[in-house]
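Heads up, the thing below is written out as structure tokens.
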Amino acid sequence: KDKSPLAMVNVDIERLHFVKQYASIQEVDQYYLEALKNTANSFKGDVAALYHYEIAALYDQWAKNFLPISDEKNQWKRKEALEICNAIIEKYPKSVAAEKSLALKSQILSRNLQLKAEGALPINTASRILVNYKNMDGLKLSAYTITEGEKVQLEKIYPIEKQKSFINKLQLAKQWTGTLKNVGDYQNHSTEILLPALPNGLYVILAEDDATFAFQTVQVTDIAIVETRRANEQKFQVINRNNGFPISGVPVTLSYQTNYNGPLKKHTTLTDKQGFINTDFSDERWTNISISVKSKKDHAIFGTYFISQNTEVDRLTDTTYFT
């Protein structure tokens, strides 16, 4: 009996949501879409716009199924959803449908940025960094030097906006730009961009534009660690990451705790001719181990490892490469 059918429409949309969620029929999304379109034609004005908003929300949901190359049929669904939202906002700016459309529009236009790089990179060698992005055309990239202590501080900073301020106070080592391809589909995309050659050290790679930022910590070193476990023996071998040759006669410092809660201890030894340091199992478990290797031209820190207690149980050899 209400003069406005708004309450009835809200209940009807909830009903359609329920049926879509629990229906066991195939192609339920297509039936749901047809129901929204048909029912929208039964009303006029801002009430009908509520059904159109639901169509836009459905298109946005379909867009999440987009996969480059393997499944591209939903690539442009967010663009269709945005067009519907803009039409609702323009025609019924003060309606409930417009309010919902503004929220969806903001979500569609939002930017996303993530970086992923190898944990360790060779010295003075150009490489690449993987960028996952959405709605972006280009980036300003910077490499800042950072210490291990500063890295620990950075990881504890919250909210994330304060992380950028912390990074900007570090010493700037290099700055460059990267171009991203934006086709206007409002989808997440990935590409690789240049990471220029850097000298030995620990760095924070910061990527940013005027709206968002992301960062990744990388270590630039020619050193790598190979860990080998046997029944009552555990070995670490120091090698050159570029050619696999062992690095002999360099000091290796293990910083560790015993049995998880013991005081911090340090143990320093030299690598043998084959780059090995031998660590026999003891009655204590070494935990939270970090390994520092320092040569005349290179310094690197690796972690976190553990060394098991002595045991009489035989087990197969297990070799792990930490690069």
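The values are calculated or read from the model by the stated rules, or taken from the named source; none is laboratory data. It should be emphasised that the depicted structure is a prediction, and the values quoted were computed from it without experimental measurement. Counting neighbours? That spans all protein chains shown, and the Cβs are built from the backbone with ideal geometry, glycine included. Heads up: the accessible areas ignore ligands, DNA and RNA and are worked out on the full protein's heavy atoms, side chains in. Shrake-Rupley method; radii C 1.70, N 1.55, O 1.52, S 1.80 Å.
Got at least one residue in the stretch 45-61 being assigned to a loop (DSSP other than H, G, I, E, B) and out of contact with any strand residue (DSSP E or B) (no Cβ under 8 Å at 6 or more places or on another chain)? No, every residue in the stretch 45-61 fails to be assigned to a loop (DSSP other than H, G, I, E, B) and out of contact with any strand residue (DSSP E or B) (no Cβ under 8 Å at 6 or more places or on another chain). Within the stretch 190-199, identify whether any single residue is of a type in the set (Gly, Ala, Ser), within 27 Å of GLY303 (Cβ to Cβ), modelled with pLDDT of 95 or more and assigned to a loop (DSSP other than H, G, I, E, B), and answer yes or no. Yes. Somewhere in the stretch 282-290, is a residue among the aromatic types (Phe, Trp, Tyr), part of a strand (DSSP E or B) and at pLDDT 85 or above? Among the residues of the stretch 282-290, not one is among the aromatic types (Phe, Trp, Tyr), part of a strand (DSSP E or B) and at pLDDT 85 or above, which makes the answer no.
Among the listed residues LYS116, LYS94, LYS156, LYS140, identify the single one that is in contact with a Leu (Cβ under 7 Å, 6 or more places away or on another chain) and open to solvent by 60 Å² or more (accessible area, probe 1.4 Å). If you could, list the steps in order and put the result at the bottom.
On the way: LYS94 fails: in contact with a Leu (Cβ under 7 Å, 6 or more places away or on another chain); LYS156 fails: in contact with a Leu (Cβ under 7 Å, 6 or more places away or on another chain); LYS140 fails: in contact with a Leu (Cβ under 7 Å, 6 or more places away or on another chain).
The unique qualifying residue is LYS116.
Inspection of the stretch 265-283 finds no residue satisfying the criterion of being surrounded by 15 or more Cβ atoms within 10 Å (Cβ to Cβ), under 32 Å from the mean Cα position of the chain (by Cα) and not hydrophobic (A, V, I, L, M, F, W, C).
Table: residues versus (1) touching a residue at least 12 places away in the same chain (Cβ under 8 Å); (2) surrounded by 14 or more Cβ atoms within 10 Å (Cβ to Cβ); (3) out of contact with any Lys or Arg (no Cβ under 8 Å at 6 or more places or on another chain).
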site	(1), (2), (3)
SER4	yes, no, yes
GLU34	no, no, yes
ILE69	no, no, yes
TRP76	yes, yes, yes
GLU80	yes, yes, yes
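In the stretch 68-183, counting only helices (runs of 4 or more DSSP H) that sit wholly within it, the ones holding 1 or more residues that are under 30 Å from PRO5 (Cα atoms) span 77-91, 96-109.
Report yes if ASP60 is among the charged types (D, E, K, R), within 24 Å of the chain's Cα centre (by Cα), at pLDDT below 95 and open to solvent by less than 90 Å² (accessible area, probe 1.4 Å), otherwise no. Spell out how you get there, then give the answer.
On the way: among the charged types (D, E, K, R): yes; within 24 Å of the chain's Cα centre (by Cα): yes; at pLDDT below 95: no; open to solvent by less than 90 Å² (accessible area, probe 1.4 Å): yes.
When the stated conditions are applied, ASP60 does not pass them.
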